[in-house]
Amino acid sequence: MAGHKADVDQALNPGFEGETGVPQSRVLRRFALLLHNHHWKALEEARKELIRVMGLEALVDAAAVVAQFEAINRVADATGTKIDDLLIQAMKAGIGPSKLPEPERY
């Protein structure tokens with residue numbers, strides 16, 4: 001999103017519930033996490049809030065983004081794609097991606 005600065009470390013922190021710099025990030029993130037984790041009862045309220053705050057088109061777009069990420073992960077799993085060891089260590093240590101060193105270029 002042009003012109004917006006997002007805090008990626010906060011966005012990836014499972015316990016964070018505030019805004020990350022992306023407009024309506026709290027509502028979008030809540031919906032995406034509940035959908036991804038199959039929390040159906042709580043998802044109904046998040047769905048209603050998303051429609052109320054952003055409209056039906058935004059709900060459809062948000063659901064499509066979650067579905068696309070699910071599909072990409074399934075393809076990666078099926079092909080045996082490995083997660084980088086540095087990323088795994090950072091996730092276990094609670095280090096956000098902005099704190100990681102730049103990857104080596106080929």
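Given a Förster distance of 30 angstrom, what is the FRET efficiency for VAL60 paired with THR81, based on the Cβ-Cβ distance and rounded to 0.05? Could the numbers behind the result be given before it?
On the way: r = 29 Å, r/R0 = 0.95.
The formula returns an efficiency of 0.55 here.
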(request) Using packing as a proxy for protection, rank 30-40, 48-58 so that the peptide with the highest average count of other Cβ atoms within 10 Å comes first. (result) 30-40, 48-58
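Each reported figure results from applying straightforward, stated rules to the coordinates on display, with no laboratory input. Every value quoted in this text rests on a predicted model; they were computed, and no experiment measured them. Heads up, the Cβs are rebuilt from the backbone with ideal geometry, glycines too, and the neighbour counts pull from every protein chain shown.
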